[in-house]
Amino acid sequence: MTTELKQPTSQKYALSLHTTTPELGLAISNFAGETRTDVWNLGREVSSYIHQYLIEFIKPQTWADLAFIAVAKGPGGFTGTRIGVVLARTLGQQLDIPVFAISTLAAVAWSKYISEISSTPVVNQHNRNQAIAVEMPAQRGKIFAAIYQLMPDTCGLTALLPDTVFTPEAWQKTLANWNTDYQLVEAKSGLAATVTSILELAYLEWQQGKCPNWSEALPYYGQHPVEL
């Protein structure tokens, strides 16, 4: 669910892309009451059809309507992540607008926080202060994981433990030794649906005055695609 964010002008939009899984997720919003999002399961055909889907999705808006672009930077599948980040960088360069690269795991944590806030009329301070540990399967029996916490006034996330590749044993040891309360979330499927969270997290940074150049948008692979 989209959070209520204040936008200084309703004439500008922001676009987000999520391609780190076999699904393609797209979202666009002016943060003034108009938000569209959609997800398609394209499998290995993401690279072949992403431009076609994007051109159709953005209508009736045009490229000139975009104030910034957000993209899921990974972790996730190597090829899909690269496709999304390269496309976002290319659009940012051509349109001369900022590109925000947002962690896939951070988007999962944000979705969890927002879901709980939206579904519970009164969210106690304990739930707001509770960290969210996100884990996701990686290649060769490893785990992508991170721990995030909601910032005051719900203005973003703080990475208590940045995105890291663990062995299952090392991750379990990390959690066992973690000295604050946390909730564990498994990110296994449907991750492209968090494309709206990618957009929201980027917008919160935009509100804080951040304006990253397209060249700063880099993928986070975590692992080499081939065993070395």
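The values are calculated or read from the model by the stated rules, or taken from the named source; none is laboratory data. The structure displayed is predicted, hence computed values, not measured ones. Cβ placement follows ideal geometry from the backbone for every residue including glycine, while neighbour counts extend to all protein chains displayed. Each accessible area value is taken on the protein alone, full model and side chains, heavy atoms only, with ligands, DNA and RNA left out. Shrake-Rupley method; radii C 1.70, N 1.55, O 1.52, S 1.80 Å.
Around the amide H of Gly156, modelled in the peptide plane, lie the amide H atoms of Met151, all under 5 Å away and 5 or more residues distant in sequence or on another chain.
Here is how the number arises for the chain: DSSP H runs of 4 or more residues each give -39500 (n - 2.57), the sum is divided by the residue count, and the result at 222 nm is -10000 deg cm²/dmol.
Largest to smallest in accessible area, the residues Met136, Met151 fall in the order Met151, Met136 (1.4 Å probe, all protein chains included).
Close lysine pairs were tallied over the chain: pairs 8 or more places apart or on different chains with Cα atoms under 25 Å apart number 18.
In region 1-110, the ratio of gyration radius to Kirkwood radius, Rg to Rh, stands at 0.94 when only Cα atoms are counted. Each Lys or Arg adds one and each Asp or Glu takes one away; over the other residues whose Cβ falls under 14 Å from the Cβ of Arg82, this sums to +3. Judged by the mean number of other Cβ atoms found within 10 Å, the most tightly packed of the peptides 137-150, 167-180 leads the ranking 137-150, 167-180.
In this structure region 145-228 gives 54 Å² per residue of accessible area when probed at 1.4 Å with all protein chains present. Counting only Cα atoms, region 103-224 measures 39, 38, 26 Å along its principal axes, largest extent leading. Values (1) 27, 23, 15; (2) 29, 18, 17; (3) 33, 20, 17 are given for comparison; semi-axes √(5λ) of the Cα gyration tensor in Å, derived from the coordinates here, is the one labelled (1). Accessible area per residue for region 1-117, computed on protein heavy atoms with a 1.4 Å probe, is 44 Å².
Taking Cβ atoms as reference points and 10 Å as the exclusive limit, the residues near Trp171 contribute a net charge of 0, counting Lys and Arg as +1 and Asp and Glu as -1.
Of the peptides 98-110, 46-58, the order by per-residue mean of other Cβ atoms within 10 Å, starting with the highest, comes out as 98-110, 46-58. To put it simply, the accessible area of the chain at a 1.4 Å probe is 52 percent carbon and sulfur.
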